[in-house]
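Student: One structure coming up, written as structure tokens, with questions to follow.
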Amino acid sequence: VFTGDPTDRLPHHASFAFEDISGNDLMINLDLNGLAASSGSACSSGNPKPSHTLVAMGLGPRFTNGGLRLTVGEQNSLEDAERAASIVATAVNKLRKFQAAVNLAA
């Protein structure tokens, strides 16, 4: 889920909430692939609790632990953004497959 207003937002900021994905697990996967990101707001970095912002937006617990915040700057190119999107998609798919395997084993 793309979170926040689709047009009235900071131009260098994108945030998402992934259903049934651990933000911490996602951050580890992204970091291992060279992508710096955050699983919460800048003011709550390092806080393992569900995002109070995502809760306030009405997202349920299946989404509030899977937040992702990405920012870009003048030094980033379109190719950087495309690479980031690919890394995120790969990491989310990997985590979903892992979770499905865990659910089958349970």
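The values are calculated or read from the model by the stated rules, or taken from the named source; none is laboratory data. As the structure is a prediction and not an experimental result, all values here were calculated from the model. So basically every Cβ, Gly included, is an ideal-geometry build from the backbone, and we count neighbours across all protein chains shown. Just so you know, the surface numbers come from the protein's heavy atoms only, side chains and all, with ligands and any DNA or RNA stripped out. Shrake-Rupley method; radii C 1.70, N 1.55, O 1.52, S 1.80 Å.
Student: Over the chain, what is the mean sequence separation of C-alpha contacts under 8 Å (at least six apart), divided by residue count, expressed as relative contact order in percent? Mind dumping the intermediate values first?
Tutor: On the way: 115 pairs, mean separation 35.5, N = 106.
Once divided by the residue count of the chain, the mean separation gives 34 percent.
Student: Shifting gears a bit: Just how much of Arg62 is accessible, in Å², when a 1.4 Å probe is used and the result is rounded to the nearest 10?
Tutor: Roll a 1.4 Å probe over it and Arg62 shows about 130 Å².
Student: Have a look at Pro50, Pro61, Pro11 and tell me which one the Gaussian network model of the chain (Cα, springs below 10 Å) gives the largest fluctuation.
Tutor: Highest fluctuation of the listed residues: Pro11.
Student: Assigning unit charges at the beta carbon (Lys, Arg +1; Asp, Glu -1) and nothing else, what dipole magnitude in debye, to the nearest 20, does the chain show about its Cα centre? Write out the running numbers ahead of the final one.
Tutor: Working: 8 positive and 10 negative charges, 79 e Å.
My answer is approximately 380 debye.
Student: Sum -39500 (n - 2.57) across every DSSP H segment of at least 4 residues in the chain, then divide by the residue count to get the 222 nm mean residue ellipticity, nearest 500.
Tutor: -13500 deg cm²/dmol
Student: If the elastic network links every pair of Cα atoms under 10 Å, which of Leu35, Leu54, Leu78 fluctuates the most in the Gaussian network model of the chain?
Tutor: Ranking Leu35, Leu54, Leu78 by mean-square fluctuation puts Leu78 first.
Student: Please find, in a Gaussian network model of the chain (springs between Cα atoms separated by less than 10 Å), the residue of Ser77, Ser22, Ser39 whose mean-square fluctuation is greatest.
Tutor: Ser77
Student: Work through the residues other than Asp20 whose Cβ is under 14 Å from its Cβ and net out their charges, Lys, Arg +1 and Asp, Glu -1.
Tutor: On the way: positive: Arg62, Lys94, Arg96, Lys97; negative: Glu19, Asp25.
Cβ neighbours under 14 Å give a net charge of +2.
Student: Towards the positive end of the charge dipole of the chain, with charges on Cβ (+1 Lys, Arg; -1 Asp, Glu), say which of Leu70, Gln99, Thr7 has the farthest Cα.
Tutor: Of the candidates, Gln99 comes out farthest on the positive side.
Student: Give the ranking of His12, His52 by solvent-accessible surface, highest area first, calculated with a 1.4 Å probe.
Tutor: Numbers: His12 80, His52 115 Å².
The ranking, largest first, comes out as His52, His12.
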